[in-house]
Amino acid sequence: FLVTNSSVLVPTYAQHENDRKALELIAEAFPGRRVVGIDCRALIKQHGSLHCVTMQLPKGVIEE
């Protein structure tokens, strides 16, 4: 999952009961943040997930 200032983005995989439980647990762990499920099935097929696609920012995105 990815924690931002006001939200937590949580990967989901069209496993409705498991996704629901995961979203509930994350919401408990991060009170005050909006929890958003992101369908990551396409990313899993490419051997990654939400964390993988948010690990690096291209050079120049953040001013140093």
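The values are calculated or read from the model by the stated rules, or taken from the named source; none is laboratory data. The structure presented is a predicted model; accordingly, all values stated were derived computationally and were not measured. So basically every Cβ, Gly included, is an ideal-geometry build from the backbone, and we count neighbours across all protein chains shown. With ligands, DNA and RNA removed, areas are computed over all heavy atoms of the protein, side chains included. Shrake-Rupley method; radii C 1.70, N 1.55, O 1.52, S 1.80 Å.
Structure notes:
- Within the range 11-59, the set of residues being modelled with pLDDT under 90 and either polar (S, T, N, Q) or assigned to a loop (DSSP other than H, G, I, E, B) (or both) comprises Q46, H47, G48, S49, T54, M55, Q56, L57, P58, K59.
- Within the range 8-41, the residues that satisfy the criterion of being among the small types (G, A, S), surrounded by 12 or more Cβ atoms within 10 Å (Cβ to Cβ) and either touching a Ser or Thr at 6+ places or on another chain (Cβ under 7 Å) or within 20 Å of C52 (Cβ to Cβ) (or both) are A22, G37.
- First in the range 8-20 and on the phi > 0 side of the Ramachandran plot, second anywhere and open to solvent by 70 Å² or more (accessible area, probe 1.4 Å), Cβ under 9 Å, 6 or more apart: A14/D39; A14/R41
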